[in-house]
């Protein structure tokens with residue numbers, strides 16, 4: 001909030017009184033701008049503590065982080081660990097990762113590699129890339145466990161698959177150029193599969209029909225069009241009719257093709273209507 005006060009020029013005793021008033025207003029404004037954010041922070045902290053007390057995992061984690069750093073609260077490592085454990089028990093991955101990291105480093109708590117591996121594994125199995133990286137590094141270095149390059153590679157590859165840079169750099173030192181290329185190709189194929197799964201059956205059918213980002217396959221296209229056609233999608237009904245009429249990816253069947261043209265035509269599909277009307281080039 002911005003404070004603006006206008007004064008006219010005065011002299012003598014009036015000037016003294018005016019100057020005193022000006023100072024009081026400025027001090028009041030300064031106190032307001034300082035204390036108001038603090039009161040907001042206090043309200044926010046109060047909400048976090050209340051939510052943590054009712055068992056909300058995220059709030060328990062946030063309260064623990066504040067206790068660790070002394071942010072708005074008295075620094076209390078023992079209390080912080082307690083809140084992290086409560087949050088971790090509810091499968092909150094950030095809390096599991098933080099505990100694993102703390103027990104591995106052994107700075108704010110006593111080092112305990114068994115606890116570190118246990119919590120990091122919990123987080124890593126939920127897809128936490130930093131936890132996967134730390135686990136990979138633990139097995140790579142043999143910290144608290146026997147060195148296991150295969151196990152290290154497995155966790156590092158999972159982490160790198162999420163784009164975690166530290167894991168990518170660690171893998172470059174472990175893998176041969178051929179293995180790095182294989183990992184890159186697998187990542188691209190995995191991304192492509194994920195993108196395909198996000199498409200509707202009709203869109204997937206069109207990708208296979210056109211060979212757009214995948215190997216062209218009328219058989220695969222027919223499979224996806226069949227799925228969508230049975231769900232009532234007019235475009236898929238028409239495309240399935242086309243494949244049946246031409247015998248591409250499926251056995252040629254004009255009668256069945258007309259059935260799907262008719263289904264699409266009932267929904268106003270112009271090309272299907274034209275096909276039923278005998279148009280051979282529409």
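Taking the Cβ of each residue in 273, 138, 77, 48 as the centre, tally the other Cβ atoms inside 10 Å and list the residues starting with the fewest.
Placing the least packed residue first, the sequence is 77, 273, 48, 138.
Modelling each spin label as a point 7 Å along the Cα-to-Cβ direction, I'd like the residue 147/residue 77 distance in nm, to one decimal.
About 3.1 nm, to one decimal.
Which order do 113, 122, 206 fall in if you start with the one that has the fewest other Cβ atoms within 10 Å?
In order of increasing Cβ crowding within 10 Å: 113, 206, 122.
Once you have the Cα-Cα distance between residue 217 and residue 231, take 0.36 nm times their residue separation minus that, and quote the gain in nm to one decimal.
2.9 nm
Can you give the translational diffusion coefficient of the stretch 199-276 in µm²/s, computed by Stokes-Einstein from the Kirkwood radius over Cα pairs at 10 °C and 1.306 mPa s?
In µm²/s, the coefficient rounds to 133.
Relative to the compact globular guide of 2.2 N^0.38 Å, what is the alpha carbon radius of gyration of the stretch 41-181, as a ratio?
Dividing the Cα Rg of the stretch 41-181 by 2.2 N^0.38 Å gives 1.17.
Using a Förster distance of 25 Å, how high is the FRET efficiency between residue 210 and residue 267, based on the Cβ-Cβ distance and rounded to 0.05?
Using R0 = 25 Å, I get an efficiency of 0.60.
Among 83, 260, which comes first, second and so on when ranked by fewest other beta-carbon atoms within 10 Å?
By the 10 Å Cβ count, ascending: 83, 260.
Checking the a/c ratio against 1.5 first, then a/b against b/c, what shape does the Cα gyration tensor give for the stretch 84-167?
The shape class here is oblate.
Testing the spin-label approximation: label points 7 Å from Cα along Cα→Cβ at residue 185 and residue 118. State their distance in nm.
Result: 4.2 nm between the two label points.
No lab work stands behind these numbers, since they all come straight from the coordinates. Everything quoted here is computed from the prediction, not taken from an experiment. Counting neighbours? That spans all protein chains shown, and the Cβs are built from the backbone with ideal geometry, glycine included.
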